[in-house]
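In what follows, a structure is listed as structure tokens, so that the remarks can point back to it.
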Amino acid sequence: EAPMLLTLRLHCLALGWGITADRVKLWPFKLPELPYGFDYLEPVIDAKTMEIHHDKHHAAYVNNLNAALEKHPEFEANCICGLLKNIDSVPADIRQAVINNGGGHHNHSLFWQSLTKADSSEFAGLVKEKVEAELGGYEEFVKNFSAAAATRFGSGWAWLALDKEGKLVVTSTANQDSPYLTGLTPILGLDVWEHAYYLNYQNRRPDYIKEFFRVVNWDFVNERLAKHLEKLGK
Ligand code: MN3
């Protein structure tokens, strides 16, 4: 990616809505590389699951998103979170495709970055302060997040997100729906589609949810939290 495009993309991410004035092209979107090897999250998430999940599932969301946006080149300068936050401005004929595949692309891009080596990251700093102040502490947060993940019927995601006032909330969404669609900012998500865990855990979603907390990258969560609180002016 050219440095200028990268700069504008980051700018776009920072502003949350696309650069339209100079018609800089951000489309087609590219599948981001994993920030680690397929086996890095073993034994919590197995290498084969990571390979299929990233190279096949995530890649399909990116390809399908690009195919949808190809029909509307006027949106080629819009970043993905901008499209999701302003979904009503996306033409009806591609809106559901952008919800599904744009959501899928953003959710997975965030998911990969939010994970790290098992038992290597400490729950600390800003997220710890805010969880203690707003969500009743770590145990209560884990309980509520796990319940959100376990009770999401069918496929979807559990979330730690920021509301417009900069307060943390725990919620879940169906399918690939992004929290951005309802005005929330996703901070940490857990993919509870069967494709995310079935090879290793089969039908035991609660075991996968329990193990997930061992691979959360709290440093990344803290960086993202600080960045988005600043954007919200909090
Ligand atoms: Mn997935």
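The values are calculated or read from the model by the stated rules, or taken from the named source; none is laboratory data. In this text the structure is predicted, and so the values were computed from the model without any measurement. Don't worry about glycine lacking a Cβ; one is built from the backbone with ideal geometry, like all the others, and counts go over all protein chains shown. Heads up: the accessible areas ignore ligands, DNA and RNA and are worked out on the full protein's heavy atoms, side chains in. Shrake-Rupley method; radii C 1.70, N 1.55, O 1.52, S 1.80 Å.
Return the total of residues in segment 67-95 being over 18 Å from the mean Cα position of the chain (by Cα) and either surrounded by fewer than 20 Cβ atoms within 10 Å (Cβ to Cβ) or in a helix (DSSP H, G or I) (or both).
Step one: list which residues in segment 67-95 are over 18 Å from the mean Cα position of the chain (by Cα), which gives 67-77, 88-95.
Checking the rest, the ones that are also either surrounded by fewer than 20 Cβ atoms within 10 Å (Cβ to Cβ) or in a helix (DSSP H, G or I) (or both) come to 67-77, 88-89, 91-95.
Of the residues in segment 67-95, 18 are over 18 Å from the mean Cα position of the chain (by Cα) and either surrounded by fewer than 20 Cβ atoms within 10 Å (Cβ to Cβ) or in a helix (DSSP H, G or I) (or both).
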**Request:** Within segment 114-147, count every residue that is hydroxyl-bearing (Ser, Thr, Tyr), in a loop (DSSP other than H, G, I, E, B), open to solvent by less than 60 Å² (accessible area, probe 1.4 Å) and more than 14 Å from residue 187 (Cβ to Cβ).
**Result:** 2
**Request:** Would you check if there is a residue in segment 119-130 being in contact with a strand residue (DSSP E or B) (Cβ under 9 Å, 6 or more places away or on another chain) and within 16 Å of the ligand (Cβ to nearest atom)?
**Result:** no
**Message:** Considering only residues that are away from the ligand (no atom under 16 Å from the Cβ), open to solvent by 10 Å² or more (accessible area, probe 1.4 Å) and not polar (S, T, N, Q), which ones fall in segment 96-113?
**Reply:** 97
**Message:** From the list 168, 199, 190, exactly one residue is more than 14 Å from the ligand (Cβ to nearest atom), of a type in the set (A, V, I, L, M, F, W, C) and at pLDDT 95 or above. Which is it?
**Reply:** 168
**Request:** Search segment 189-213 for residues that are touching a residue at least 24 places away in the same chain (Cβ under 8 Å) and pair each with any residue that is away from the ligand (no atom under 11 Å from the Cβ) and charged (D, E, K, R) when their beta-carbon atoms are under 7 Å apart and the residues are at least 6 apart or on different chains.
**Result:** 192/152; 192/205; 197/205; 199/46; 199/48; 200/46
**Message:** What are the pairs with Cβ atoms under 9 angstrom where one residue, in segment 45-58, is open to solvent by 60 Å² or more (accessible area, probe 1.4 Å) and the other, located anywhere, is in a helix (DSSP H, G or I) and among the polar types (S, T, N, Q)? Sequence gap at least six, or different chains.
**Reply:** 48/200
